[in-house]
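Heads up, the thing below is written out as structure tokens.
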């Protein structure tokens, strides 16, 4: 092992002190981000409500009459706390990830560090891609589906209107963001497993049928109980599984090229007396 990190063996107490330092930096970054997000909690929540407004427009309803309610005095306050915690975690994630890497890096070889860094960068990027898909497309589609179920007053029928609670709407959008964000980590996880030799592209192809079934099962567990949410999560999961197969194939190809170059580079010549 070599690099800028201290590669000398350290006693357990020094490892624990190092862990304490990394935790303090991580918790401090989260707390600071939480305070800032709590100060702007209402603005952040209004930003999260934008997809609901888009759904109201898609449903050809009066945007001025759309509203969210809370039925307990403390409900909106705790909703703002949850918004601040969620935003604080997102903002502080780069600091938390860097502290985790700095704690683990001394135990890695130089080539392992170089291999680990791209995944450290790709993971948040993929998570943000999943969150963007939820925000700009999936949440408006789901809310439009629910708004379409409203019933206008008529003879023999009563009016049935959707009045979402602020806490339930936040729970819905947070569940969708976390679900899609975690699903979008599939290429990263499978590529890492392929690099260490725990799975192969052939094995992934053989298990494709089971993966499709599992995609719909996971979607049914993670998303609200409506078909649009489940299908909307299952289809990207299947697409990401195919991307994972391709990524594993690239890793195997690169490994074969490296192994074929090693014998030629290790050949030595000897001279006679």
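Any read-out appearing in this document is the output of simple, stated calculations on the displayed coordinates, not a laboratory observation. Since the structure is predicted, the reported quantities are computational estimates derived from the model, not experimental observations. We place every Cβ from the backbone using ideal geometry, glycine too, and count neighbours over all the protein chains shown.
What to note about this one:
- Debye log10 I(q)/I(0) at q = 0.08, 0.10 Å⁻¹ for the stretch 32-181, Cα point scatterers: -0.33, -0.48
- Highest-fluctuation residue, 234, 148, 215 considered, GNM on the chain with Cα pairs under 10 Å: 148
- Residues 15, 60 arranged by fewest to most Cβ contacts within 10 Å: 60, 15
- The angle between the Cα long axis of helix 166-183 and the longest principal axis of the Cα atoms of the chain comes to about 30 degrees, rounded to the nearest 10.
- Here the gap between residue 256 and residue 12, fully extended at 0.36 nm per residue and compared with their Cα-Cα distance, gives a gain of 84.0 nm.
- What the Cβ-Cβ distance of residue 154 and residue 70 gives, at R0 = 41 Å and to the nearest 0.05, is a FRET efficiency of 0.85.
- Residues of the stretch 31-70 with an amide N closer than 13 Å to a point placed 7 Å from the Cα of residue 165 along the Cα-to-Cβ direction: 69-70.
- Measure of compaction for the stretch 6-66 (Cα Rg per 2.2 N^0.38 Å): 2.17
- Contour excess over end-to-end distance, with Cα ends at residue 202 and residue 243 and 0.36 nm allotted per residue: 13.4 nm
- To the nearest ten degrees, helix 208-222 and the longest principal axis of the Cα atoms of the chain are 50 degrees apart.
- Our estimate of slack between residue 129 and residue 89, defined as 0.36 nm per intervening residue step minus the Cα-Cα distance, is 12.7 nm.
- Taking the longest Cα principal axis of the chain as reference, the axis of helix 75-104 is set at about 10 degrees.
- The percentage of C-alpha pairs in the stretch 118-273 whose separation is greater than 23 Å is 54%.
- Extending 7 Å from Cα along the Cβ direction at residue 47 and again at residue 221 yields two label points whose distance is 3.2 nm.
- Sorted largest first, extent of the stretch 133-177 alpha carbons per principal axis (Å): 41, 21, 10
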